[in-house]
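Coordinate-derived values only; no laboratory data. On a predicted model such as this, the values are computed, not experimentally measured, just so you know. Here the Cβ is made from the backbone with ideal geometry for all residues, glycine too, and neighbour counts use every protein chain on show.
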């Protein structure tokens, strides 16, 4: 309050300052909450519409930016807009793995099973067992997932690459070693083995290791059927 002599009452002045600081703190809280909640950077004009009338947006942004300086989250200008971002110097420790569930085609499941039971095995031998040509993409996919790997070369003309399973294959299927793969009796019990005596599980080609087998062969491009298998693709 201003006195008769033009002086300002000290108590009123202090109260006014405290009220102003309280309002600013509240505006900072609102600004922080808005910028934390939005999915896209916001312009100062858009922020002004959400804050109390008369709020000094540039000053508030500067103050909020100062409060977050040196922390893991910083207030950053992005294309003339404002948004919270992780501190640039922490990018090296913020790589994250995203797991995406996908399904292997029936053909890929068959090839994986053949490699699992017959390894080391060449591409040509896989095709002989399946009775159909093998798409290059099938091996590439299994290689990309990390379930198969080249394990050597056959000592025959052309020196074809032989394929085998990996440690990741054992981890995914909870196996201690390859010999822990289910045998013929277990596959029959699970309904995964063709038990008809007049026909092998791979058509007319009977090349099964220890009389073990897999589901009936289908066309290379047929992705349907109960033999599809889930796996997780990791992206960084």
### Task
Any chance you could check the Cα centroid distance between segment 136-192 and segment 58-77 for me, in angstrom?
53
### Query
Using 0.36 nm per residue, how much length does the chain from residue 102 to residue 87 gain when fully extended, once their Cα-Cα distance is taken away?
2.1 nm
### Task
Go ahead and collect, in residue order, the members of segment 114-138 whose backbone nitrogen is under 11 Å from a label point 7 Å along the Cα-Cβ direction of residue 151.
115-122
#### Entry: Most to least packed among 123-132, 153-162 [average Cβ atoms within 10 Å]
123-132, 153-162
### Query
How many nm separate the modelled label positions at residue 23 and residue 143, each set 7 Å beyond the Cα in the direction of the Cβ?
6.9
